[in-house]
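Quick notes on the structure that follows.
The values are calculated or read from the model by the stated rules, or taken from the named source; none is laboratory data. Small disclaimer: the values here were computed from a predicted structure and weren't measured. Cβ sites come from the backbone with ideal geometry, for glycine too, and all protein chains shown count toward neighbours.
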Amino acid sequence: MNNLNGAFKWVYDIGNWLFKLMYLQVLWVAFTLLGLVLFGLFPATAGVYAVVRKWTEYDYDVPIFKTFLANYKGYFLKVNGLGYVMFLIGLFLSYDYFISKSLLNSFFLHIILLGIILVYVLTLCYIFPTFVHYELKAMQYIKQSFLLMLSNPLETIGMIVCMIILYYLFALLPVVFVFMGMSAIAYPTMRIAYSAFNKVQQKKNP
């Protein structure tokens, strides 16, 4: 009987987590569209990470909608500014890569650009976790994310492994991406980044 109760609890817990992840995905999609995508994407993503950060701190009963909405509204201008700076940097690097690949016959330059793009992508993995964890000026988030990426190699490798696993998961099961894609990205990356935050804090307060 105890085993049966344990099995039911296990199924209930999994179902509860899946519901929370899907609910967060619905909020992300709805508020991205509410901001006409261009102005809603980054605040909605910050809202998702803010909720997931609470879960990472073991606050599993956090009011999801209230927390999401407060961060969506509170960071609307700030996160849009940061998001579009990162977007423009990515656009610039993509353009340079295209020029290097199509017009320039320089293997050395091509490798350098690939290295810079990799650093950019890895820094990007830390941007939203850093944004909802620290209170900084907009451009300082880029610097802080870059430093976290460099100074925490194990966590950064974890980010790479996580992104690879999620890529293949979404490719094999597109339905997962549809119903909980953003949540599935935010939860593991926030946990990995939170480990890096704790290491930084421990160095400051040994």
Looking at the range 15-40, I want the residues that are under 15 Å from VAL176 (Cβ atoms) and have a partner that is of a type in the set (Phe, Trp, Tyr) and surrounded by 13 or more Cβ atoms within 10 Å (Cβ to Cβ) with Cβ atoms under 8 Å, at least 6 apart or on another chain. Which pairs are those? LEU21/TYR187; MET22/PHE179; LEU24/PHE68; GLN25/PHE179
For LEU124, work out the one condition from (1) outside any helix (DSSP H, G or I); (2) touching a Gly at 6+ places or on another chain (Cβ under 8 Å) it doesn't fulfil. (1)
Look through MET149, MET159, MET163 and report the one residue that is touching a helix residue (DSSP H, G or I) at 6+ places or on another chain (Cβ under 8 Å), aliphatic (A, V, I, L, M), over 22 Å from LEU27 (Cα atoms) and surrounded by fewer than 19 Cβ atoms within 10 Å (Cβ to Cβ). MET163
Looking at the range 41-53, which of the residues that are in contact (Cβ under 8 Å) with a residue 60 or more places away in the chain and not aliphatic (A, V, I, L, M) is surrounded by the most Cβ atoms within 10 Å (Cβ to Cβ)? TYR49
Subset of the range 109-120, residues free of Cβ contacts under 8 Å to residues at least 24 places away in the same chain, surrounded by fewer than 17 Cβ atoms within 10 Å (Cβ to Cβ) and of a type in the set (A, V, I, L, M), comes to LEU109, ILE111, ILE112, LEU114, ILE116, LEU118
Tally the residues that are in a helix (DSSP H, G or I) and either modelled with pLDDT under 95 or more than 17 Å from LEU24 (Cα to Cα) (or both), restricting the search to the range 46-85. 11
Suppose we filter MET182, MET190 for residues that are in contact with a Pro (Cβ under 9 Å, 6 or more places away or on another chain) and either modelled with pLDDT of 95 or more or hydrophobic (A, V, I, L, M, F, W, C) (or both); which single one remains? MET190
Which of (1) small (Gly, Ala, Ser); (2) crowded, with 17+ Cβ neighbours inside 10 Å; (3) modelled with pLDDT under 95 is the odd one out, the single condition SER106 does not satisfy? (2)
